[in-house]
Amino acid sequence: MLQHGKRPTIASRHGMVAAAHPLAAAAGARVLSNGGNAFDAAAATAATLNVVEPYMSGLGGQGYATCYVASERRVRSLNFMARIPRRFPLDKLSRREQILRGPTAVGAPGNFGGWCEMVSRYGKKKLPELFAPAIRIARDGFGMIEFNVEEYRGVTGELRGHAALYPEWSRNYIEGIEGGQPKLGAVLKQPNLADTLEALGTEGPGLLYGGALGKKVIERLAELGGCLTMDDLADFKPEWVDPVAVTYRGRTIHVPPPPCEAFQYLVTLRILEGFDLGRMERNGVEHVDTVLRAIRIAAGVRIANGVPTAQQLAELLSDSHIESLRARVRDGKPVTGATEQWTPLPKDGSGEGHTTSFSIADADGNVVCVTQSLGSVFGSGVVVPGTGVCLNNFLYWADVTPDSPNRVKHGDLMPVCVAPSIVTQDDKPVMALGTPGSYGILQTQPQAFVQYVDFGMPLQQAIEAPRGRLTDGRDVLLEGRLAADVQAELRERGHNVTTGPDWTMKVGGMQGVAIDPATGVMTGGCDPRRDGYVVPA
């Protein structure tokens, strides 16, 4: 039955881009229409996101991609996270809140290297053409929309309190706004970023990793007292790795392997496959209780095992171990435990990450899902003068607690809680799905996936369905659209439920593409909790 008052289903046979901002999705779709493939479109989309959501992601961040490579008929993951710097002052840190902002939190920029690797390995186009939309928007400016304004207003006061960081940040992001006030329709111009993207398009990754731009990055960090060195930049190399995968209802879900923490998502799905969710009332007590319990148990498995070896991970995903976890879901006793790191996160909200995820499919059969981040909103708050580049604070997300079994070491690849996923069925790609949301990423993706697979919701409606975000202990924030009697019964079952607003970005900002294996028709799904948009090619 036709349902009015909802976002339309966007379908195409030629290509699809789902991204966190309309201009970024349009840039990627234009590349597909002009003969580029999904890998080319990923670079164009990512570069444009750098311009239009500079607080979420950019070339100064880090991330992962999971891709179906049609020419090779296989799924691959690309790791463009950086290693823990040689001079990272671990011996002086006892809790990560010490480095939320500032130069010590900055890890080597990986996103730009990741974009370049995807294009050089599998793309058809050259960087200058792929970066052209982002360069034009940065130079001409773009009209700020609601989420832009919300993010600016939420962080400006806090950054103003950082005397060493605010002047350059303000010069780049406030003085660049016509009228100097972030408001709906205000125009933000970033000429320095336009020049930087133009130079990077011409000169390639060498400009950042060992070249003039890299030197500017290190000089700025040294001036502020940071620990990153040119050797750390030279060490960075994006790496193609084999994903890990599990099956769920006849589909295979592929995510990056450890040190990526996406295996929590897989553990959750393995647990849930033992329950006939589709026979439960959708969004009813049994459905939500079962999913929340599985998520909290899977989080405990991930925290207890840190960065497992391939053999250890196989044991964690084995039938015998998963069945023991299912028994814990079934026993009905309240589940209490950490969901983030080995030690509790602060309760002041600083645990929310600022990340972006986008999904792309092309007519050749390639599918790309990228999740990348600056860490926190505007990352470290460090902007490199004259470049328009804002640097990440990924080292804030490192476990530095002295007694933690998961404490990072110098030279380690950074563990990170992202889960860009590709789903295959009969060895054909049928979905790309990813979300931002810090440790909530590993929680909210299974919630949407269950809506799509178990309850048969179209992808857009599966993404829009009410979700929850668990934090340590028994706490869970549920969107207010979930029925009040359901939330009350969940409290009776031991969940410490807080009823949130009807829509909140605390449960992510998901973007996905689904592909009908019989017809090849692609449908896109984007998240109204942020400025998500789907554009077909």
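Each reported figure results from applying straightforward, stated rules to the coordinates on display, with no laboratory input. Owing to the predicted nature of the structure, the values given are computational and were not obtained by experimental measurement. Every residue, glycine among them, receives a Cβ derived from its backbone with ideal geometry; neighbour counts consider all protein chains shown.
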Spin-label point model (7 Å from Cα, Cβ direction): what's the residue 235 to residue 328 distance in nm? 3.4 nm
Identify all lysines with a Cα-Cα distance to residue 506 below 17 Å; exclude those on the same chain that are fewer than 8 residues away in sequence. 347
Please identify which residues in region 241-261 have an amide N closer than 13 Å to a label point set 7 Å out from the Cα of residue 310, following the Cα→Cβ vector. 241-245, 257-258
Evaluate E = 1/(1 + (r/R0)^6) for residue 516 and residue 336, where r is the Cβ-Cβ distance and R0 equals 56 Å; express this FRET efficiency to the nearest 0.05. 0.85
With each run of n ≥ 4 DSSP H residues scored as -39500 (n - 2.57), what mean residue ellipticity at 222 nm is computed for the chain after dividing by its residue count and rounding to the nearest 500 deg cm²/dmol? -10500 deg cm²/dmol
What nm value, rounded to one decimal, do you get for the distance between residue 281 and residue 140 when each label is placed 7 Å out toward the C-beta? 5.2 nm
The residues 481, 302, sorted from fewest to most surrounding Cβ atoms within 10 Å, come out as 481, 302
According to a simple spin-label model (label point 7 Å from Cα along Cα-to-Cβ), what is the distance in nm between residue 483 and residue 129? 5.4 nm
Using +1 on the beta carbon of Lys and Arg, -1 on that of Asp and Glu, and nothing else charged, what's the dipole of region 1-136 about the Cα centre, debye to 20? 180 debye
Based on DSSP, what percent of beta bridges with both residues in the chain are antiparallel, to the nearest 5? 95 percent
Figure the gain on full extension for residue 171 and residue 249 (residue separation times 0.36 nm, minus the Cα-Cα span) and round it to one decimal in nm. 22.9 nm
If the cut-off is a Cα-Cα distance under 24 Å, which lysines reach residue 125, setting aside same-chain residues fewer than 8 apart in sequence? 237
Taking the Cβ of residue 145 as the centre, find all other residues whose Cβ is under 11 Å away and add up their charges (Lys, Arg: +1; Asp, Glu: -1). -3
The FRET efficiency for residue 156 and residue 410, from their Cβ-Cβ distance with R0 = 25 Å and rounded to 0.05, is 0.10
Cβ-Cβ FRET estimate between residue 181 and residue 320, R0 fixed at 51 Å, reported to 0.05: 0.25
Can you list which of the DSSP-assigned H helices in the chain have a Cα extent of 15 Å or more along the long axis and an average Kyte-Doolittle score of at least -1.0? 22-33, 38-52, 111-122, 127-140, 146-160, 191-203, 212-224, 285-305, 319-330, 441-453
Least to most buried among 495, 321, by other C-beta atoms within 10 Å and fewest first, runs 321, 495
